[in-house]
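Let me begin by presenting the structure, written as structure tokens, before commenting on it.
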Amino acid sequence: MKGRIEAIVGAQWGDEGKGRVVDSLGSRVDIFARYQGGANAGHTVIVDGTKYVFHLLPSGMLYPCKTCIIGNGVVIDPDQLLTELRELQDQGKDRARLIISGAAHVVMPYHKLLDRAQESLRGKGRKIGTTGRGIGPAYVDKYSRCGIRVEDLLDGDILREKLEYNLEEKNLQLTKIYGGKPLSFDEVYEKSLQWGKAMGPYVGDASLVIDEALREGKNVLFEGAQGTLLDIDHGTYPYVTSSSPIAAGGCVGLGVGPGAVDRVIGVVKAYCTRVGEGPFPTEDTGPAGERLRENGGEFGATTGRPRRCGWLDMVALRYAVRVNGMSSIALTKLDVLTGFDRIAVCTAYLADGIRHDHFPSGVSLQEKAEPQYIYMEGWKEDLTGCREYSELPAQARAYVEYIEKTVGVPVNLIGVGPGREQTILRNF
Ligand code: IMP
């Protein structure tokens with residue numbers, strides 16, 4: 001019997017609550033696999049009242065005896081990874097088996113310096129609002145074919161050769177273009193060798209492990225980071241991250257054929273948020289947006305930045321359904337909408353007097369998009385104790401069913417609070 005693959009992807013601008021969805025589905029999963037991004041992500045999981053924030057480790061690390069994979073598509077900041085592992089060890093929670101693809105790229109110290117230097121050079125107006133974690137520069141090196149991969153950290157000679165070339169070039173950039181200080185070869189080389197030693201026991205062939213597990217009938221979960229509208233190709237370019245958070249990214253970032261993916265679960269927050277710069281048609285900068293931020297605790301898990309908040313955007317959601325091949329929706333944070341008299345939902349955009357039912361390509365149109373709203377009746381009841389769909393107030397059910405009808409995808413999971421148990425499953 002062949003096992004199943006389910007992909008969990010962010011349907012908006014990230015921070016949809018993917019970590020908690022992965023965690024609440026965890027008991028039926030054998031392998032949790034991250035496929036892109038790096039320590040820019042912040043996946044929050046709350047188990048038995050304790051909060052864990054993972055930037056690099058898959059959210060499944062809290063399940064004992066499971067396998068967690070960091071795929072070739074991820075860019076790894078070894079200091080961050082080793083810190084997360086150490087913290088889990090200290091709490092006695094390092095009970096999952098971790099496999100790191102040797103083909104994953106390493107975020108080197110110069111990548112972080114370059115990320116920050118490039119952002120400050122861009123200045124106001126052209127800034128992307130990156131997390132400063134070196135993500136863009138690390139992917140640049142990957143695609144310009146000079147990047148250092150995890151497997152290179154295990155071989156002192158290869159590492160030396162690659163690092164010499166990279167450091168010569170990066171030090172020129174840092175000093176001549178950005179007016180910074182050069183990095184010392186010896187320091188970076190020594191540090192990299194130590195990383196290699198610490199990470200060596202975890203290095204393996206992620207693609208092969210997944211293939212063998214599927215043949216044994218095991219279930220695999222692809223764990224996306226960020227979201228569809230931050231995708232390098234399909235997002236609001238250039239205000240995006242440097243990887244492919246969409247479901248297809250899972251195949252590339254783990255070495256799995258596209259036909260093997262059985263179900264794509266889009267994680268949709270009941271409203272929208274965005275961190276960093278870039279178009280956000282349904283952003284509400286008034287009291288309603290402020291209230292969403294307060295009620296939803298909308299502050300970045302990685303940078304602590306307040307998130308921009310606004311209403312659910314069906315134009316963007318239809319687009320996310322299309323580019324991910326989404327077959328199921330996990331709707332999170334429905335409880336945050338409690339107490340609003342009415343809830344706005346964007347059904348179309350107007351830009352230059354033209355109506356757009358489909359998400360427009362190009363940042364200039366996206367920035368001009370004026371949301372066209374319908375208003376749905378709100379509810380006052382506290383949802384956080386609901387465990388069955390029938391326990392939700394009629395207005396909340398109407399909201400869920402409106403989403404399903406409009407995008408033609410079932411809402412199979414509803415989050416009514418941050419805890420693992422605060423989950424309603426519907427025909428899952
Ligand atoms: P970078 O990924 O650090 O290069 O940042 C590029 C853009 O993606 C910025 O707008 C970030 O705020 C955004 N971003 C990166 N990671 C996340 C995330 O995990 N959640 C939400 N936004 C993110």
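Listed by first and then second residue, the pairs linking a residue in segment 361-388 that is in the same structural domain as Val411 (by TED's automatic domain parsing) to a residue that is at pLDDT 95 or above and aromatic (Phe, Trp, Tyr), with Cβ atoms under 6 Å apart and 6 or more places separating them unless they lie on different chains, are Ala369/Tyr349; Met376/Tyr399; Gly378/Phe340. Scanning segment 119-150 for residues that are crowded, with 18+ Cβ neighbours inside 10 Å and more than 10 Å from the ligand (Cβ to nearest atom) yields Asp141, Lys142, Gly147, Ile148, Arg149, Val150. For segment 32-51, which residues satisfy the criterion of being touching a Leu at 6+ places or on another chain (Cβ under 7 Å) and either without any contact (Cβ under 8 Å) to a residue 12 or more places away in the chain or more than 16 Å from the ligand (Cβ to nearest atom) (or both)? The answer is Phe32, Ala33, Val47. Scan segment 1-47 for residues that are part of a loop (DSSP other than H, G, I, E, B) and not β-branched (Val, Ile, Thr) and the total you get is 19. Evaluated against (1) away from the ligand (no atom under 14 Å from the Cβ); (2) under 28 Å from Leu317 (Cα atoms), Cys68 falls short on exactly one condition, (2). The strands (runs of 3 or more DSSP E) located wholly in segment 240-343 that include 1 or more residues which are more than 27 Å from Gly73 (Cα to Cα) and assigned by TED's automatic domain parsing to the domain that holds Glu367 occupy 308-310.
Tell me yes or no: at least one residue of segment 263-284 is within 12 Å of the ligand (Cβ to nearest atom), crowded, with 22+ Cβ neighbours inside 10 Å and either among the hydroxyl-bearing types (Ser, Thr, Tyr) or farther than 30 Å from Gly378 by Cα (or both). Yes, that holds for at least one residue.
Restricting Gly179, Gly200, Gly196, Gly147 to those that are closer than 29 Å to Arg305 by Cα and either part of a loop (DSSP other than H, G, I, E, B) or in contact (Cβ under 8 Å) with a residue 24 or more places away in the chain (or both) reduces the list to Gly179.
The values are calculated or read from the model by the stated rules, or taken from the named source; none is laboratory data. Since the structure is predicted, the reported quantities are computational estimates derived from the model, not experimental observations. With ideal geometry, Cβ positions are generated from the backbone for all residues, glycine too; neighbour counts draw on all protein chains shown.
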